[in-house]
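Since the structure comes first, as structure tokens, the remarks are kept for the end.
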Amino acid sequence: MLALSLFLRAHGYAAVGERDLWGRALLVNAGVVPFETAATAFPPLPQMVAVSVNWLLPGLGPLALSLLVALLAAWLVTTWFVMLRKAKFGLAASLAVTALLAFNPIFVRAVTEGTGGVLVLLGVWLLALGIFNLRRSYRVNDIMLVSIALVVLAFSHPFGAVLAIASIPFLALVAPPDLLERSPISVFLVLLFPLAFSVLSFIFVNWILAGDAFHFLARAAANVASMSDRSGAVFPPNMLVVAALAAAGTLVAAPITIVMAMQARTLQPLLLATIGLCAMLVSAIVFAALLGVAPPLALALGPAAVIAAACTVYWPDSRLHRRAIMLWLVAGFFGATVILVGDASPQTRQWLSAALGAEQGRMEEENALLARLLADSRDILLDAEAAGAVVAMRGSADGLLSADAFAVRIASTRREMTWPVVVVRNAASALGMDKVGRAFPELFEKGAPGYRMVFDGPTWRAYRAIGEDRS
């Protein structure tokens, strides 16, 4: 996974949002933006992971984050292998099945999308473990797994949050029926309490650190808009068509779920767990498309590979020959390939071309050029949070001055600029005006007295003080 991530990067592919994530981690650890900026960001898990990794392994640069993502994916795949061995699969069969699951194209696509993608897969796996066991064994551990999985999903990615919400109605399918009949409210309180507590705690943290309990919503909307704009995910406007597409995609990518449902038709816990997981994924894709937070189809269907893994390790004994199971996984491999090739979003097309070794034009060429220009400059004024990718490509947050700094706010009230370099975003761009643009509204279009434009792009412009001009 690490080798593939590096290969994709070398061929011009950049995961949506991952460079922004690393750039914000650099800004927090350099003190350019305060720690509460990371603590109140949504989703918080990837941000806190990036800040921690950058703090622990600063010398590795973005490779540290890619390494962590690869390790998490490797841990997940190793778990599948161990559970297959416990399910009495032979060594050769376990290795073959694990390879089919690990190299499923949509699973690989989701992992190489970065921190948020792999955390969503881990959350779905934990949820599947709890759901497959909950109705059969009534163990406290399984209740805890479901609860933890919902928290991981909700705080790992916008689509993960939709998955967590979409799963709630289907928990009724797998909850112990006698408990559900006696006290349905208590059952859901136990399952959902950690999620509710985590959400309320996050709101409280925003209230304390940012002065606004729902401060994270505006920033989350901006991040989602940025990710959606760059991924180019497009779904039909008719939600029935989206539901049909999601259902067909789930079954094509994980046909073993169909066979599992047929083989377990007399084993209600396994049958309901399989139906619940598939229905959760389909519902989540529909709701995400409706809300405008759906990733490209090949990414949205990534959890189907994890559901296929769960069906394989929980397969009913003596119901189907091991070789037949592998054949269904092979069918899923080819089905996932069809989905990947058929996904028309620009992000997936770029990923596929880069994975096949075709040299790609850099998806963020403008950011790369701006970062190169700023590499040797100091005392640069920019909206650091809005320029995370630029900071990541620059490789360091040293010499940057955030638009939130007190000195900048004072200067903006006087309409004075005293910095050697000023960077501003185009108000007509997809994300609109940044904080520098709001402080100096005419800067992008007209420049400023005493400054010369040294970078002109569709999104960004950079001005250097004439006395500091090196050209």
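The values are calculated or read from the model by the stated rules, or taken from the named source; none is laboratory data. Because the structure is a prediction, the values reported are computed rather than measured. Every residue, glycine among them, receives a Cβ derived from its backbone with ideal geometry; neighbour counts consider all protein chains shown. In case anyone asks, the SASA skips ligands and DNA or RNA and just uses the protein heavy atoms, side chains included. Shrake-Rupley method; radii C 1.70, N 1.55, O 1.52, S 1.80 Å.
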Q.
What is the distance in Å between the Cα centroid of segment 353-432 and that of segment 66-114?
A. 38
**Q.** Heavy-atom accessible area ranking, 1.4 Å probe, most first, across 383, 456
**A.** 456, 383
Q | Computed label-point distance, nm, for sites residue 189 and residue 427 using a 7 Å Cα→Cβ extension | A | 5.3
Q | Difference of contour (0.36 nm per residue) and Cα-Cα distance, residue 353 to residue 323 | A | 7.5 nm
Q. Based on the Cα atoms of segment 1-70, what semi-axes does the equivalent ellipsoid have, where each is the square root of 5 times one gyration tensor eigenvalue, given in whole Å with the largest first?
A. 22, 12, 10
Q.
I'd like the carbon and sulfur percentage of the solvent accessible area for segment 53-190, probe radius 1.4 Å, heavy atoms only, ligands and nucleic acids excluded.
A. 76
Q: Give, as a single signed number, the net charge of other residues whose beta carbon lies under 10 Å from the beta carbon of residue 351, with Lys and Arg counted +1 and Asp and Glu -1.
A: 0
(Q) Looking at the calculated P(r) for segment 372-434, what percent of the C-alpha pair distances fall above 16 Å? (A) 45
**Q.** trypsin sites (Lys or Arg not before Pro) within segment 90-168, DSSP loop, no more than 15 other Cβ atoms inside 10 Å
**A.** 139
Q.
Could you compute the net charge surrounding residue 402? Neighbours are other residues with a C-beta less than 10 Å from the C-beta of residue 402; K and R count +1, D and E count -1.
A. -2
Q: First measure r as the distance between the Cβ atoms of residue 6 and residue 179, then evaluate 1/(1 + (r/R0)^6) with R0 = 45 Å and state the FRET efficiency to the nearest 0.05.
A: 0.40
Q: Quote the relative contact order of the chain in percent (integer), defining contacts as alpha-carbon pairs under 8 Å separated by 6+ residues.
A: 20
**Q.** the chain, helix-only ellipticity at 222 nm - DSSP H runs n ≥ 4, -39,500 (n - 2.57), divided by all residues, nearest 500
**A.** -20500 deg cm²/dmol
Q.
For the chain, take the longest principal axis of its alpha carbons; what is the angle in degrees between that and the long axis of helix 346-355, to the nearest 10 within 0 to 90?
A. 80
Q | Longest segment of the chain lacking GluC sites (Glu not before Pro) that sit in a DSSP loop with at most 15 other Cβ atoms within 10 Å | A | 1-358
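Ordering 278, 311 from largest to smallest accessible area (1.4 angstrom probe), what's the sequence?
Accessible-area ranking of 278, 311, largest first: 278, 311.
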(Q) Would you work out the Kirkwood radius for segment 367-471? I mean one over the mean of 1/r across all pairs of different Cα atoms, in Å. (A) 13.5
Q) Considering only DSSP beta bridges whose two residues both sit in the chain, what percent are antiparallel, to the nearest 5? A) 65
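What is segment 381-431's relative contact order, in percent, from Cα pairs under 8 angstrom and six or more apart in sequence?
Once normalised by length, the contact order is 46 percent.
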Q. Where the convex hull is taken over the Cα atoms of segment 249-376, what is its projected area averaged over directions, in nm²?
A. 10.9
Q | Potential lengthening between residue 36 and residue 221 on full extension [0.36 nm per residue; Cα-Cα distance subtracted] | A | 64.8 nm
Q) If r is the Cβ-Cβ distance from residue 244 to residue 398 and R0 is 60 Å, what FRET efficiency results, to the nearest 0.05? A) 0.70
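If I stretch the segment between residue 212 and residue 410 completely, what's the gain in nm (0.36 nm per residue apart, minus their alpha carbon distance), one decimal?
69.0 nm
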Q. Taking only the alpha-carbon positions of the chain and ignoring solvent, what does the Debye formula give for the base-10 log of I(q)/I(0) at q = 0.10 Å⁻¹?
A. -0.76
Q: Please give the solvent-accessible surface of residue 157 in Å², to the nearest 10, using a probe radius of 1.4 Å with every protein chain present.
A: 40
Q: Could you state the accessible area per residue of the chain in Å², with a 1.4 Å probe and every protein chain left in place?
A: 43
Q) How large is ³J(HN,Hα), in whole Hz, for each residue of segment 3-17 in order, when computed from phi with the Karplus curve 6.51 cos²θ - 1.76 cosθ + 1.60 and θ = phi - 60°, using x for Gly and Pro? A) 4, 5, 4, 5, 5, 4, 5, 5, 9, x, 9, 10, 4, 4, x
Q | Derived scalar couplings ³J(HN,Hα) [segment 110-127; Karplus, 6.51 cos²θ - 1.76 cosθ + 1.60; whole Hz; x for Gly, Pro] | A | 5, 5, 6, 7, x, 4, x, x, 6, 5, 5, 4, 5, x, 5, 5, 4, 5
Q) So for the pair residue 74, residue 95, with labels modelled 7 Å out along Cα→Cβ, what separation do we get in nm? A) 1.8
Q: Please work out how much accessible surface residue 275 shows to a 1.4 Å probe, ignoring ligands, DNA and RNA, in Å² rounded to 10.
A: 80
Q. Taking θ as phi - 60°, what are the ³J(HN,Hα) couplings along segment 434-450 by the Karplus curve (6.51, -1.76, 1.60), each to the nearest whole Hz, with x for Gly and Pro?
A. 9, 5, 5, x, 6, 6, 10, x, 9, 5, 4, 7, 10, x, 8, x, x
